[in-house]
1. Would you kindly enumerate the cysteines in the chain that have no other Cys beta-carbon under 4.7 Å from their beta-carbon?
2. What ratio of Cα Rg to 2.2 N^0.38 Å holds for the chain?
3. How many Lys pairs in the chain lie less than 21 angstrom apart by Cα atoms, where the lysines are 8 or more positions apart or on different chains?
4. Tell me, which longest segment in the chain has none of the GluC sites (Glu not before Pro) that fall in DSSP loops with at most 10 further Cβ atoms within 10 Å?
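Every number in this text was worked out from the coordinates using simple rules, so none of it is lab data. As the structure is a prediction and not an experimental result, all values here were calculated from the model. Reconstructed Cβ throughout: ideal geometry from the backbone, glycine too, with neighbour counts over all protein chains shown.
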Amino acid sequence: MTEQIFKALGDATRLRIVALLMQRELCVCEVMDCLDLSQPNASRHLTILKNAGVLSGRKQAQWAYYKISETFPEELYQYLSKTAPEIPGYAAAIERLHNSTAAEKCGCTHEEKKS
């Protein structure tokens, strides 16, 4: 699994996605908006990260939400949280996240469905 994690994190776009998701759970539309990605491109990167065990996801109606996996190694999480500002495009992506209206536009919510 460790090799898969490092392969998944070996792409600049996926590093930016992880940096965004370290802030909070996001809908695919928010990832697209913050990183200026097409839906297929965002979904492809998110799937690679999920398959590597970096992210976990959930579906709610037609929306897909992602967050950092609970099984993601804590040491690596701490390292990434310290070095995230050095990732090219990090500052712009975080600024876009804080100013994003993508969730409002697509209608997604961040309320987990109660069982």
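1. Cys34
2. Taking the Cα Rg and dividing by 2.2 N^0.38 Å, one obtains 1.01.
3. Lysine pairs, 8 or more places apart or on different chains, close enough: 15.
4. With GluC sites (Glu not before Pro) excluded where exposed in loops, the chain gives 1-69 as its longest stretch.
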